[in-house]
Amino acid sequence: MRDGDLVGLARSLGIPGLVDIHVHFLPDPVQRKVWQYFDDAERNYGRAWPIHYRLPVPERVELLRSFGVVAFAPLVYPHKPGMAAWLTDWVADFAATVPEAVPTATLYPEPGVVSYLDAAVRAGARCVKAHVQVGAYDPRDALLDPAWGLLAEAGVPVVVHCGHGPLPGEHTGLPVFEEVLRRHPALTAVLAHAGMPELSLALDLLDRHPRVHLDTTMVGVPFTTDIAPLPADWTRRLADVADRVVLGTDFPSIPYAYAEQVDAIAGWAEDPALGEPFLRAVLHDNGARLLRVS
Ligand SMILES: [Zn+2]
């Protein structure tokens with residue numbers, strides 16, 4: 001499958017297009033730094049990571065449209081205190097200019113987190129990103145406790161990068177985040193990268209917590225099959241949680257074409273237990289429901 005085939009795929013499935021819950025748009029200086037980090041990926045991650053879509057913002061938006069993406073969550077995330085409110089303001093402005101972009105927000109354990117998050121949710125933020133690995137914070141931090149509570153109450157999903165991939169962090173690991181889930185059972189958490197590399201543990205979390213979802217970002221693509229191979233019972237277990245699996249891609253900072261992610265998901269759907277209903281749910285319906293896209 002190539003990027004040019006995606007619109008036809010959506011049409012053949014009878015869905016309006018793709019809904020992607022895990023896309024990144026960042027202010028230019030921040031985006032440049034992120035890409036510099038990936039340019040050094042051999043040193044940072046032990047393998048090259050050539051960015052496939054290193055393009056100016058308007059061209060990236062146009063590309064998503066050309067893939068048939070009808071809605072997406074542009075995710076921002078801080079790596080230090082004092083950044084989250086500014087990034088949240090920036091992404092609100094960005095979403096106001098791009099009809100397909102759903103307003104989002106981010107957070108960091110710092111004084112004031114509840115107030116800027118509350119303001120963002122009141123202003124219409126429909127998805128939040130929490131990056132435990134890059135932010136290097138403990139999701140159980142007392143400063144975050146009311147923030148998780150606020151999101152649970154508002155029914156706003158939070159895409160959480162809390163797995164050990166691509167590198168373990170001080171506070172990564174699904175068991176750590178599960179403590180947050182125990183305190184906030186109503187929280188709609190979307191495990192980014194399906195908790196990679198702990199894919200089976202992520203599915204265990206979905207079994208135990210009915211509000212927990214997973215996104216497909218980088219899961220099952222050739223680039224990650226060696227570091228995070230799919231468990232043998234992957235598709236069988238997905239069948240039990242098919243309404244809680246959501247398309248995510250990490251566009252634009254991926255070292256391969258966008259269609260490779262959709263191709264991987266289409267491969268899982270070849271299991272008769274999944275089939276086209278699963279594909280429609282993952283590529284469109286589940287994300288549309290979470291992001292409240294009509
Ligand atoms: Zn990401």
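Observations on the structure shown:
To keep it simple, each residue is scored yes or no on (1) modelled with pLDDT of 95 or more; (2) in contact with a strand residue (DSSP E or B) (Cβ under 9 Å, 6 or more places away or on another chain); (3) under 30 Å from Gly46 (Cα atoms).
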| residue | (1), (2), (3) |
| --- | --- |
| Val76 | yes, yes, yes |
| Met83 | yes, yes, yes |
| Val91 | yes, yes, no |
| Tyr116 | yes, yes, no |
| Ala125 | yes, yes, no |
| Gly163 | no, yes, yes |
| Val176 | no, no, yes |
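- Where helices (runs of 4 or more DSSP H) fall wholly inside the range 180-291, no range has 1 or more residues that are in contact with an Asp or Glu (Cβ under 6 Å, 6 or more places away or on another chain) and within 16 Å of the ligand (Cβ to nearest atom).
- Residue in the range 55-73 that is over 16 Å from Glu100 (Cβ atoms), surrounded by 12 or more Cβ atoms within 10 Å (Cβ to Cβ) and within 16 Å of the ligand (Cβ to nearest atom) present: no
- One residue from Val91, Val102, Val98 being away from the ligand (no atom under 16 Å from the Cβ) and β-branched (Val, Ile, Thr): Val98
- The residues of the range 234-269 that are surrounded by fewer than 19 Cβ atoms within 10 Å (Cβ to Cβ), of a type in the set (A, V, I, L, M) and free of Cβ contacts under 8 Å to residues at least 40 places away in the same chain, listed by number, are Ala239, Val241.
- Residues (in a loop (DSSP other than H, G, I, E, B), more than 15 Å from the ligand (Cβ to nearest atom) and either under 24 Å from Asp20 (Cβ atoms) or not charged (D, E, K, R) (or both)) located in the range 165-179: Pro168, His171, Gly173
- Only one entry in Glu42, Glu59 is more than 30 Å from Gly8 (Cβ to Cβ) and either hydrophobic (A, V, I, L, M, F, W, C) or assigned to a helix (DSSP H, G or I) (or both), namely Glu42.
- Output for the range 1-35, where each listed residue is in contact with a strand residue (DSSP E or B) (Cβ under 7 Å, 6 or more places away or on another chain) and either without any contact (Cβ under 8 Å) to a residue 40 or more places away in the chain or surrounded by fewer than 16 Cβ atoms within 10 Å (Cβ to Cβ) (or both): Pro16
The values are calculated or read from the model by the stated rules, or taken from the named source; none is laboratory data. As the structure is a prediction and not an experimental result, all values here were calculated from the model. Glycine also receives a Cβ, built like all others from the backbone with ideal geometry; neighbour counts cover every protein chain displayed.
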